[in-house]
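Comments concern the structure below.
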Amino acid sequence: MENNFTQKGLPENSYRELQQGEEYIPVIPANKIIPEVTYWSVFWGLFMALIFSAAAAYSGLKIGQVFEAAIPISILAVGLSTFAKKKNSLSQNVIIQSIGASSGVIVAGAIFTIPGLYILKLDVSFFQVFLSSLLGGFLGILFLIPFRKYFVKDMHGKFPFPEATATTEILITGERGGKQAGVLIVSGLIGGFYDFIITSLGWWSEVVTTRMFAFGEGIYNDFKLVFKINTLSMIFGLGYIIGLKFATIICAGSFLSYFVMIPLINQIGGIVAGPDGTNFFANMGAEQIFRDYVRHIGIGGIAMAGVIGILKSSKIIGSAFSLAFNEIFGKKKTSGEETPRTQKDMKITFNVIFILLTVIAIFIFLLAGVHLTLTHAIIALLVVVIISFLFTTVAANAIAIVGTNPVSGMTLMTLILSSFILAKVGLTGNQGIVSALIIGGIVCTALSMAGGFITDLKIGYWLGNTPYKQESWKFLGTIVSAATVGAVILILNETYGFSPDNVNPLAAPQANAMAAVIQPLMSPDAQINWILYLVGAIIALIVNAVGITPLAFALGMYLPLELNTPLLAGGLVAYFIKSSSKDDALNQARYQRGTLIASGFIAGGSLFGVIGALLRFLGLDLFNQGWQATTGAEALAIIMFALLIVYIVWDSLRAKVNQ
């Protein structure tokens, strides 16, 4: 069957809110049936899951960053189908991307926690790593499915979905070819080389700060005040797609952390010390104050934003339970209308059964694999299930808004809560540490999967894939990714190790942080700074009361300043392009071209990030560490970042109506 799409690309109403009575018709309408799950799409999806799981695990443990696999996989899927001259490849490429993208999310869940067991010199087996990743991944998929319709359909146009937007643009442009493909390729190469020069060659600085000036250094030392901006094209592109509204909210949270909280804590330290005393914070940098104190306020904000989100979506949760009850106990829908193909999810009966089976499997794993007593296993299971369910919507919301999943913050909160609860019921010492880290690993993977999977489902919604096919085959990708990650972690521990005692250890920064946090917590008299979390929770409540999205604001409080300011730069550029003329149609054409360019930046940065990680793995370290740390490198970074902005504005303004 030949593809006969009538539209040039995505429909005009793909990224905006729908008007009353308006309906979104995907690229492949519900009444059109073309191949999705084929030997081709499944094979390449599993192959991508295997390769990218290994690459992402090494990258994450080596340099602390897990690259997003969805975008490079979509690029490779388009390339493979073009090379093989496959027809009807669009839906199959979505399946390849969906199965393969299991890699990045499973890796993020595993490497944040499990290597902590090695760092603390505790016994861990492949069986434990594999099952914690597998069961957490399954839980994330199953808990998210009932919320698919709410996030991807009901909230259409209300969330920017930056990563899903970039991936969708790649897939649809690859299908169409023509001038649009040229725009994507050129911007991808520009963004890719630009980011590669920064991260792999070090020709100019990645982060520019006010400390490059003498007065800026003085303000930093005296008041712990500093402004930072990351100059990577990839993050700037995310900001363009996120838009000015959410970018401003995120930065407002970040400005509160860096321009109010950090200087305030430093000043209070000086006041308490008095004229003859020593300010406890005087020798700390702003970064350490943020890491040790202020970031915990952000975590409290994220937790409260999650609670607020749950309360606001209580009707959605209630309807999911009601639907499950009615279907299981035989109450049929009164309406005779058949659900369109593009809105068919996995049957709720199967979803509930699989959740129960997964919960039972986790319970058996805690008993037999982690060697907990019956009481401790029940308590640990409740912690896993309740936190995973409650924070599933938080993870999905975060990805939908900013494209970044605050999974490390939510995992840290899980470790604190589980350690506190387990210690109170008598499970302390090494066994308590193992239990808490395994629990953290399961929850971390579940939340990482939920956040990543909502991206896949939004892509499928825009393009017209069948949801239950994406949902069903996601499990297979999870199995392959979990097995690969387990093997890679064991091999890397034998080869390099993760603790400072090893000769040339891998950094594993997140796992080291988790290990450092967990030890003092696993004692009956553990000291937890609950007040910091409470302050964050109160701030989230106040922000919500004045009508600001609390999760976006809390994310800004939690994420480092330098990752948020380029989002604002991208949002400002998007706003300028969107209002660059009095012709609304022309403005929309310019904005769409800018979206394609921004997607190219994200795609190029992701793909060249994989290349950079591979070069480091092969021992080809070309990074100019000495130069990149200089003021000259920062000055050059400002110039290059300005040229990047000039390029996207210039190229976007070249767009014409109906181009």
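Checked against (1) touching a Pro at 6+ places or on another chain (Cβ under 8 Å); (2) closer than 30 Å to Val208 by Cα; (3) modelled with pLDDT under 90; (4) aliphatic (A, V, I, L, M), Ala526 meets all criteria but (2). For Gly632, the stated conditions do not hold, so it cannot be described as over 18 Å from the mean Cα position of the chain (by Cα), crowded, with 24+ Cβ neighbours inside 10 Å and part of a helix (DSSP H, G or I). The residue pairs whose first member lies in region 24-35 and is under 19 Å from Ser14 (Cα atoms), whose second member is small (Gly, Ala, Ser), and whose beta carbons are closer than 6 Å, counting only pairs six or more residues apart or on different chains, are Pro26/Gly464; Val27/Gly464; Ile28/Gly464. Taken together, Leu144, Leu117, Leu139 contain a single residue that is in contact (Cβ under 8 Å) with a residue 12 or more places away in the chain, in a helix (DSSP H, G or I) and within 30 Å of Gln19 (Cβ to Cβ), which is Leu144. Here Ile271 meets each of (1) farther than 28 Å from Phe601 by Cα; (2) modelled with pLDDT of 90 or more with one exception, condition (2).
Which of the residues that make up region 572-611 are among the polar types (S, T, N, Q) and within 30 Å of Tyr58 (Cα to Cα)?
Once the filter is applied, which keeps residues that are among the polar types (S, T, N, Q) and within 30 Å of Tyr58 (Cα to Cα), region 572-611 yields Ser599, Ser606.
Here Phe350 passes the criteria (1) buried (at least 16 other Cβ atoms within 10 Å of the Cβ); (2) within 19 Å of Phe389 (Cα to Cα); (3) at pLDDT below 85; (4) more than 27 Å from the chain's Cα centre (by Cα) except the one numbered (3). Scanning region 268-296 for residues that are loosely packed, with under 13 Cβ neighbours inside 10 Å and in a loop (DSSP other than H, G, I, E, B) returns Gly274, Pro275, Asp276, Gly277, Thr278, Asn283.
Every residue, every condition in (1) at pLDDT 85 or above; (2) assigned to a helix (DSSP H, G or I); (3) surrounded by 14 or more Cβ atoms within 10 Å (Cβ to Cβ); (4) at negative phi, yes or no:
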| site | (1), (2), (3), (4) |
| --- | --- |
| Ala324 | no, yes, yes, yes |
| Lys332 | no, no, no, yes |
| Gly336 | no, no, no, yes |
| Phe363 | yes, yes, yes, yes |
| Thr375 | yes, yes, no, yes |
| Thr393 | no, yes, yes, yes |
| Thr414 | no, yes, yes, yes |
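Filtered by the rule that a residue be over 25 Å from Phe641 (Cβ atoms) and either touching a strand residue (DSSP E or B) at 6+ places or on another chain (Cβ under 7 Å) or free of Cβ contacts under 8 Å to residues at least 40 places away in the same chain (or both), region 217-260 gives Asn221, Asp222, Val260. I want to confirm something. Restricting to region 592-619 and keeping residues that are modelled with pLDDT under 75 and not small (Gly, Ala, Ser), which single residue is surrounded by the most Cβ atoms within 10 Å (Cβ to Cβ)? My answer is Leu607. For the residues Ile302, Ile241, Ile265, the requirement of being at pLDDT 90 or above and part of a helix (DSSP H, G or I) singles out Ile265.
Annotation note: of Ile433, Ile378, Ile416, the sole residue that is closer than 28 Å to Ile308 by Cα and in contact (Cβ under 8 Å) with a residue 24 or more places away in the chain is Ile416.
Test Phe290 against the criterion of being among the aromatic types (Phe, Trp, Tyr) and at pLDDT 85 or above, and give yes or no. Yes.
The values are calculated or read from the model by the stated rules, or taken from the named source; none is laboratory data. Nothing here was measured: the structure is a model prediction, and the numbers come from that model. Because the Cβ atoms are built from the backbone with ideal geometry, glycine has one as well, and the counts that use them run over all protein chains shown.
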